[in-house]
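The block underneath contains the structure these notes are about, expressed in structure tokens.
The values are calculated or read from the model by the stated rules, or taken from the named source; none is laboratory data. Since we're looking at a predicted model, the values are computed, not measured. Note: ideal-geometry Cβ built from the backbone for every residue, glycine included; neighbour counts use all protein chains shown.
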Amino acid sequence: MGNVEKSLKDIGSFTKLPGANLFTTSTTKLFNWAQKSSLWPLSFGLACCAIEMMATFASRYDLDRLGMITRASPRQSDLMIIAGTVTIKMAERIKTLYDQMASPKWVIAAGSCAISGDHYRHIYSVVPGVDWVIPVDVYVPGCPPRPEDFIEGIMELQNLISNGKISPTYNVSTGGKNQIDIKKTKTKKQKNLIENKFINKNELLNYASQYKNKDFLYLKFITATDFEEGLTLTYVISNTKLGEDMEFHVNLGNSLEIDSLSELFVGADWQEREIYDLFGISFSGHPNLKRIMMPEDWIGHPLKKEYDMDTHNSPYRPTREEYESWKTKL
Amino acid sequence: MEDQIVEKDFGDLAINMGPQHPATHGVFRLKLYLQGERINKIEAFLGYLHRGVEKLTEVLDYDMIPPVLERDDYLSPTSNSLGFVNTVEKMCQIEVPKKASYIRVLVAELQRISSHLVALGTYGLDLGGSLGGGASLFLYCFREREKILDIMEELTGTRFHTNINQIGGVRYDVKIDVIKKINDLIKYIRPILIEYNDVISKDQIFIKRTKSIGVISAQLAQEAGCSGPVARASGINFDIRRNQTYECYDELDFDIPLGTNGDSYDRTIVRMKENLESLKIIEQIINGIPSGDLSSRKPFKSAKLLKPPKGSFYSSVESPRGELGFFIVSDGSSIPYRMKIRSPSFSNLSIIEKILPGNFVADSVTILGSLDPVFGDVDR
């Protein structure tokens, strides 16, 4: 008896007839059997768990044994493994991908981020659990789950499919969009803590190009810090030949505008966009000053001190009360 | 002959690549504006994995931060926590026992190999397609990676988020049987790494797909802030392990492989050669782990006890992707006032808007894969 016949025995019975076998079962059982035996997952990874998912698909654990072949298109796949943290920006795409999959379709939420948001759950940009976006059939805990856990989760899903016991959990947040106001936090701004070299705002371009001529070509990073005196920008450039770093700071005071370094250093382009996004400093002369991390219609600048970490700015992100009551219900 | 191929003009066409795309190494979206098969202009969209780590660190005590940071660059988690604890130790002037320093470097170098193996394996998928010849390279690389992860597991109990670094030292000791296993691993993996290096450097398909594709000049690489294998492939002799040394790297003997052309081929070859250098470092370490304490700090009851002095501080380490730095502003309390993560992937990737235009669509995947970005590290 072959493997297929062996697994068919679980769902029906064989009757011996002269010259042939007669197999009797219900159509529901037969379809369920066919569906569970060839789950084709969408090759779609988000974060760390995706690396473990890849390891599960690769040599040692070999998911092909379970009839699984990854498909790059959602239209060809019937299983979606959410492996990693779901952000608000990604949530819309996940919903689109899910809608593009043909029914019947299943979802496995792998890893604590996809289940509940884990330690990122109170962050402004993170969806605390993918079940706020799409219905989830099986949860695989772990940070990240081991390949064995992945396999167990998939086998659990196969069991559910063959027993016809699929009942996905799904929740829709009612808040989110209503709470667009940015809450004021109690975090106190400190007075300036940086002691190193400060330069005047107007000198910046001259100063940077002066050092660039001295072979300080390598732009390490640009960042900002929110102090009582106003936002302070930090620039670090380096001379790779001498291994010397040059760190200097600019205090912006009340203004929110400064010259862009993007013409001197190519890398300043994205660094300044990040600061514009997270701190709201605009750089005059920047070729493409748009938000880079947050969605373009986002309100507020998250890394400012008055911005509350736990802000609810999207329909996918439930309020804290909703989140607590939903997770205790589970 | 080649010059006579006429590209039919289909007018301008904009196509989207990602955020769900098997060859973008994560959640990243490229909008390619095409003229026929050539890329005219690109727009890059990121932030699909922005988890607000920098904001999160503003509510966590210093001792609680390393495990969170390990989720950042998830192919080499130890480098993340190593960079952070290094910075805090320099701020608080905490001495690290020699033994702890050796164990840190041991784990970091093991993870460098596993990270470069993932980079090579997924690069195979990028070039050959997931059902074509590229899949075999992927499967072989992951087979080798599992062996390294086994050692991690023996050493720390987890497969890759080892969480071995803590401020002042390390959490776990290296036992004698683990050293034996690492010795076996070196014997097993060295000929394999050499073989992979030979295979890809002689394979005509690989060479044709990668040679002189995505060339980054040394000047451009520096101005964009590229570091690690991306910068070294362009001939910049800059490695934090050597130029601004940390831990016990100054006692170790290793070379820094350099490329000449700065193309996708060089970047891959530099990674392969770095693997062999890492093996050299690991060999030196397991032969000379000194005895002593694992941590210079006494066991503490509360994470609130560690309070670095007021001021700002920056220091960096060499992660498999390049310079990973931490800029910390302390207000004298037990939580950082502001922490900036200088991530190598973000700076390396920022060059893509400059080097993609002029290439074919198929090369966009080649170039992106050769930069080896990790999106947890790009978006933070």
Cβ-Cβ below 9 Å, separation at least six or inter-chain, first residue in the range B:156-167 and at positive phi, second of a type in the set (Val, Ile, Thr): which pairs? B:Asn163/B:Thr78; B:Asn163/B:Thr156
Enumerated strands (runs of 3 or more DSSP E) restricted to the range A:200-257, each holding at least 2 residues that are more than 12 Å from chain B (Cβ to nearest Cβ) and surrounded by 14 or more Cβ atoms within 10 Å (Cβ to Cβ): A:244-251
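Answer yes or no as to whether B:Ile236 is out of contact with any Gly (no Cβ under 8 Å at 6 or more places or on another chain), in a loop (DSSP other than H, G, I, E, B), buried (at least 20 other Cβ atoms within 10 Å of the Cβ) and within 11 Å of another protein chain (Cβ to nearest Cβ). Give the steps one after another, and end with the answer.
Working: out of contact with any Gly (no Cβ under 8 Å at 6 or more places or on another chain): yes; in a loop (DSSP other than H, G, I, E, B): yes; buried (at least 20 other Cβ atoms within 10 Å of the Cβ): yes; within 11 Å of another protein chain (Cβ to nearest Cβ): yes.
It is true that B:Ile236 is out of contact with any Gly (no Cβ under 8 Å at 6 or more places or on another chain), in a loop (DSSP other than H, G, I, E, B), buried (at least 20 other Cβ atoms within 10 Å of the Cβ) and within 11 Å of another protein chain (Cβ to nearest Cβ).
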List the pairs whose first member sits in the range B:281-306 and is over 16 Å from B:Val178 (Cβ atoms), whose second member is modelled with pLDDT under 80 and part of a loop (DSSP other than H, G, I, E, B), and whose Cβ atoms are under 9 Å apart, counting only residues at least 6 apart or on separate chains? B:Leu306/B:Phe300
Scan the range B:343-365 and give yes if some residue there is closer than 20 Å to B:Gly18 by Cα, of a type in the set (Lys, Arg) and surrounded by fewer than 22 Cβ atoms within 10 Å (Cβ to Cβ), otherwise no. yes
Taking A:Met309 as meeting all but one of (1) buried (at least 21 other Cβ atoms within 10 Å of the Cβ); (2) in contact (Cβ under 8 Å) with a residue 40 or more places away in the chain; (3) touching a helix residue (DSSP H, G or I) at 6+ places or on another chain (Cβ under 9 Å); (4) hydrophobic (A, V, I, L, M, F, W, C), write down the number of the exception. (1)
Within the range B:45-83, the residues that are within 19 Å of B:Tyr172 (Cα to Cα), surrounded by fewer than 23 Cβ atoms within 10 Å (Cβ to Cβ) and among the β-branched types (Val, Ile, Thr) are B:Val68
Would you confirm, using the coordinates I've provided, whether A:Thr70 is facing chain B (nearest Cβ under 10 Å), among the polar types (S, T, N, Q) and under 20 Å from A:Val172 (Cβ atoms)? no
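This table checks each residue for (1) of a type in the set (D, E, K, R); (2) closer than 30 Å to A:Pro145 by Cα; (3) out of contact with any strand residue (DSSP E or B) (no Cβ under 7 Å at 6 or more places or on another chain); (4) without any contact (Cβ under 8 Å) to a residue 24 or more places away in the chain.
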{"position": "A:Glu5", "(1), (2), (3), (4)": "yes, no, yes, yes"}
{"position": "A:Leu8", "(1), (2), (3), (4)": "no, no, no, no"}
{"position": "A:Phe14", "(1), (2), (3), (4)": "no, no, no, yes"}
{"position": "A:Ala20", "(1), (2), (3), (4)": "no, no, yes, yes"}
{"position": "A:Thr28", "(1), (2), (3), (4)": "no, no, yes, no"}
{"position": "A:Ala34", "(1), (2), (3), (4)": "no, yes, yes, yes"}
{"position": "A:Ser37", "(1), (2), (3), (4)": "no, yes, yes, no"}
{"position": "A:Pro41", "(1), (2), (3), (4)": "no, yes, no, no"}
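Can you confirm whether B:Lys147 is touching a residue at least 12 places away in the same chain (Cβ under 8 Å), within 14 Å of another protein chain (Cβ to nearest Cβ), of a type in the set (D, E, K, R) and surrounded by fewer than 21 Cβ atoms within 10 Å (Cβ to Cβ)? Reasoning before the result, please.
Numbers: touching a residue at least 12 places away in the same chain (Cβ under 8 Å): yes; within 14 Å of another protein chain (Cβ to nearest Cβ): yes; of a type in the set (D, E, K, R): yes; surrounded by fewer than 21 Cβ atoms within 10 Å (Cβ to Cβ): yes.
Yes: the conditions hold for B:Lys147.
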Residue under question is B:Asp126, and the condition is that it be closer than 30 Å to A:Thr70 by Cβ, in a helix (DSSP H, G or I) and of a type in the set (Asp, Glu); does it hold? yes
Scan the range B:194-229 for residues that are more than 14 Å from chain A (Cβ to nearest Cβ) and acidic (Asp, Glu) and jot them down. B:Glu195, B:Asp198, B:Asp203
Of all residues in the range B:131-168, which are touching a strand residue (DSSP E or B) at 6+ places or on another chain (Cβ under 9 Å) and at pLDDT below 85? none
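For residues that are assigned to a helix (DSSP H, G or I) and over 22 Å from the mean Cα position of the chain (by Cα), tally how many sit in the range B:18-75.
So in the range B:18-75, the residues assigned to a helix (DSSP H, G or I) come out as B:53-59, B:62-70.
Pick out the ones that are also over 22 Å from the mean Cα position of the chain (by Cα) and you get B:55-56, B:58-59, B:62-64.
Looking only at that region, the number is 7.
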Scanning the range A:272-301 for residues that are of a type outside the set (S, T, N, Q), farther than 20 Å from A:Val250 by Cα, facing another protein chain (nearest Cβ under 10 Å) and in contact with a strand residue (DSSP E or B) (Cβ under 9 Å, 6 or more places away or on another chain) gives A:Ile292
(1) of a type outside the set (D, E, K, R); (2) within 14 Å of chain A (Cβ to nearest Cβ); (3) not in a helix (DSSP H, G or I) all hold for B:Gly358 apart from (2)
Let me spell it out: the conditions are (1) within 9 Å of chain B (Cβ to nearest Cβ); (2) among the polar types (S, T, N, Q); (3) in a loop (DSSP other than H, G, I, E, B), and A:Asn192 meets all of them except one. Which number is the exception? (1)
Is there any pair linking a residue in the range A:57-78 that is without any contact (Cβ under 8 Å) to a residue 60 or more places away in the chain to one that is hydroxyl-bearing (Ser, Thr, Tyr) and in a loop (DSSP other than H, G, I, E, B), with Cβ under 6 Å and at least six apart or on different chains, and which? A:Gly67/A:Ser38; A:Thr70/A:Ser43; A:Arg71/A:Ser77; A:Ala72/A:Ser43
Among the numbered criteria (1) of a type outside the set (D, E, K, R); (2) more than 14 Å from chain A (Cβ to nearest Cβ); (3) within 24 Å of B:Val317 (Cβ to Cβ); (4) in a helix (DSSP H, G or I), which single criterion is violated by B:Pro257? (4)
Regarding B:Ile328, is this residue in a loop (DSSP other than H, G, I, E, B) and surrounded by 15 or more Cβ atoms within 10 Å (Cβ to Cβ)? no
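Scan the range B:320-361 for residues that are among the polar types (S, T, N, Q) and under 25 Å from the mean Cα position of the chain (by Cα) and report the count.
Here is the first cut: in the range B:320-361, the residues among the polar types (S, T, N, Q) are B:330, B:333-334, B:343, B:345, B:347-348, B:350, B:359.
Among the residues that remain, those that are also under 25 Å from the mean Cα position of the chain (by Cα) are: B:343, B:345, B:347-348, B:350.
Residues in the range B:320-361 being among the polar types (S, T, N, Q) and under 25 Å from the mean Cα position of the chain (by Cα): 5 in total.
Can you tell me which residue within the range B:207-217, out of those that are surrounded by 15 or more Cβ atoms within 10 Å (Cβ to Cβ) and under 22 Å from the mean Cα position of the chain (by Cα), is farthest from B:Tyr265 (Cα to Cα)? Don't jump to the end; show me each part of the working.
Going residue by residue through the range B:207-217, those that are surrounded by 15 or more Cβ atoms within 10 Å (Cβ to Cβ) are B:209-210, B:213-216.
Subsequent filtering for residues that are under 22 Å from the mean Cα position of the chain (by Cα) retains B:210, B:213-216.
Values: B:Thr210: 5, B:Ile213: 8, B:Gly214: 9, B:Val215: 10, B:Ile216: 12 Å.
If we take residues in the range B:207-217 being surrounded by 15 or more Cβ atoms within 10 Å (Cβ to Cβ) and under 22 Å from the mean Cα position of the chain (by Cα), then B:Ile216 is farthest from B:Tyr265 (Cα to Cα).
Output the residues belonging to the range A:106-120 that are surrounded by fewer than 21 Cβ atoms within 10 Å (Cβ to Cβ) and touching a residue at least 12 places away in the same chain (Cβ under 8 Å). Show your work before the answer.
Just the residues of the range A:106-120 that are surrounded by fewer than 21 Cβ atoms within 10 Å (Cβ to Cβ), to begin with: A:118-119.
Selection gives A:Asp118 alone.
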